[in-house]
Each structure stands twice: as structure tokens, then as C-alpha cells.
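Chemist: This structure is in C-alpha cells; I'll ask about it shortly.
The values are calculated or read from the model by the stated rules, or taken from the named source; none is laboratory data. Model, not experiment: these values are computed from the prediction. Glycine gets a Cβ as well: all are built from the backbone with ideal geometry, and neighbour counts include every protein chain shown.
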2 protein chains.
Amino acid sequence: MKKNNKKIDWRSICPISSSLDVLGDKWSLLIIRDLIIHESRTYSQFLESPEQIATNILASRLNLLSHLKLIERVNLKSASRNNAYQLTKGGEALKPIIKSLGKWAGEHLSEFNPNMLKINETL
Amino acid sequence: MKKNNKKIDWRSICPISSSLDVLGDKWSLLIIRDLIIHESRTYSQFLESPEQIATNILASRLNLLSHLKLIERVNLKSASRNNAYQLTKGGEALKPIIKSLGKWAGEHLSEFNPNMLKINETL
DNA sequence: CCGGATCCTTGTCGATACTG
DNA sequence: CAGTATCGACAAGGATCCGG
């Protein structure tokens, strides 16, 4: 049987905790970020991002985010193979939050990661 | 030798990625959340939160967040033992982001975690 | 080739016991 | 009370394999 571990164990009834139960890892929000920047991405395009996610991690995150209806598969006429992902309404709603995170990092993390770009240069 | 691994390996120069290199786990932002709600917390008060963080994880996160200057130790006259933590300016700056996350979860995650509370205005 | 699935190694998490 | 040590479980990460 497929590893269909869609069951999330919610640690509490706190909404902040619940958001972290879902997005509290190093990769999920990065996938959302790519979809904010590029509108749509294929599997191999995700792999081209500089952070170099592993194929199995990417697949599991795409499954989870699809299940949560934050992203969805789309058929692109432009692509030869019709399999790309893009944000749903729910995923789009994360856009200002992720931009704020980037802005915050530029203001408070430059000391520790000096090479980091400012947010305007990336988004 | 002590595990003094304060070195963070930044995956890229992207500020969003950098913020996740630091806060992209299930516990760091929950510690910040507690300090937003309560102003200051002691070690054992953190342990009382409903999500039940393990003691070693709590200690390592408190160290990391202190090193990043997002939280700081304070001496409380009110407490018999003078060891509590509170947010710095940098940590305070996360407040609107965390509130937005809670609001987002209430709007887009209730379907999956039905018992979840709605975020209240006072938080 | 592209989109994954599978195997395997390594590292981190997390529960609990223990210490100053 | 504020952490540290230990150890098993499990997830991450790398490499490779496979179906279309």
C-alpha cells in the first residue's frame, strides 16, 4: 500500500500551532515561495531552485500541500508534458505572510547571513 | 565537548529561505508565540504549554533564539529565581507575522483540524 | 528525458532519566 | 527549577531505479 500518510497529528487547538503542524518545516514554504515567484512550476523546475530539495522530499511535500488544497495540479498548454503545480486561493493567501517573512529576515538576519539578498531583489 | 553548534548552514541567499533556515521547524515560532501572549516566560512555564515540548528541544531552541538575539534572558524582580525570557526588538517584529499565520490557519485549516480555535483579537 | 518511487545511510527529533 | 545525557525512532538526504 502506498505511503498515504495524510494524517496530521495536531498538537493543539491553537491556530498558530496548527499552521506550524502543516508548514513548520524547511521545505513546504519554499515550495509556496517558488509558486509565488513563478506562478506555476513543474517537478523538475522545483528541483532547479538553489536550495536543492531532494526528489523524495519534494514529492511528499507536493502530495501534502495538494491534499491541504494549498496547491493544485494544472494542465499547461505551453508545456509538452501537462503536469505543473500552482497555488490555490488558500495558497495565495500565504503570499503576504511569506513576503513579510522575507522582509523580516532582511532586517534581522543580515548580521548572521551577510550575503543574503534584500527582499525586493528576489520577489 | 559541548554541542555548541551555533553555525547555521544557510541554504541560499534568499531571505525567505534564510528565515526558514532559522524558524522553519515546529517549535521555534511556538516559543515566540508564548512570549507574545505572556510577555515573559520561565523554562518551566514554556513546558506547561499544551503542545508539550521536550526539555532538550526547548533548551536548544532557547539557546538558538538567544544567539540570534530574538529573545533574551531577563531578571524579573517579581520572580524568586531570576531567569525568564522575553522578546527583543527583533523578536517583537515577528508578532504581526505570527498573528497573520494564526488568522490564515483559522481560515484555511479548519476543514482539517475542526477543533481549532479562531484566533482572538487580543493575541 | 521526466516524474516520481525505492533503497539505504545519516542526522535530528523526542521521551525519559538524570544532574547541579 | 533549569537544564543535560542517553538512546531508540523516524525523517531527511543522497543515489539509483523504473514506468511512460
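Chemist: Can you tell me which of (1) within 16 Å of DNA strand D (Cβ to nearest atom); (2) in a loop (DSSP other than H, G, I, E, B); (3) surrounded by fewer than 17 Cβ atoms within 10 Å (Cβ to Cβ) is the one A:Lys69 doesn't meet?
Modeler: (1) is the only condition that A:Lys69 fails.
Chemist: Yes or no: B:Ser60 hydroxyl-bearing (Ser, Thr, Tyr), more than 16 Å from A:His108 (Cα to Cα) and either surrounded by 20 or more Cβ atoms within 10 Å (Cβ to Cβ) or under 13 Å from the mean Cα position of the chain (by Cα) (or both)?
Modeler: Yes: the conditions hold for B:Ser60.
Chemist: Which one of B:Arg11, B:Arg61, B:Arg33 is without any contact (Cβ under 8 Å) to a residue 24 or more places away in the chain and within 21 Å of A:Asp25 (Cβ to Cβ)?
Modeler: Exactly one of B:Arg11, B:Arg61, B:Arg33 is without any contact (Cβ under 8 Å) to a residue 24 or more places away in the chain and within 21 Å of A:Asp25 (Cβ to Cβ), namely B:Arg11.
Chemist: OK, next. Looking only at the stretch B:89-100, which residues are farther than 10 Å from B:Leu35 by Cβ and either at pLDDT below 95 or not hydrophobic (A, V, I, L, M, F, W, C) (or both)?
Modeler: B:Lys89, B:Gly90, B:Pro96, B:Lys99, B:Ser100, listed by residue number.
Chemist: Okay, moving on. For a quick check of your reading of the model, give me the residue pairs whose first member lies in the stretch A:42-58 and is under 19 Å from A:Met116 (Cα atoms) and within 14 Å of chain B (Cβ to nearest Cβ), whose second is among the hydroxyl-bearing types (Ser, Thr, Tyr) and more than 7 Å from DNA strand C (Cβ to nearest atom), with beta-carbon atoms closer than 9 Å and at least 6 apart or on different chains.
Modeler: Every condition considered, the pairs that remain are A:Ser49/B:Ser12; A:Ser49/B:Ser17; A:Pro50/B:Ser12; A:Pro50/B:Ser17; A:Glu51/B:Ser12; A:Glu51/B:Ser17; A:Gln52/B:Ser12.
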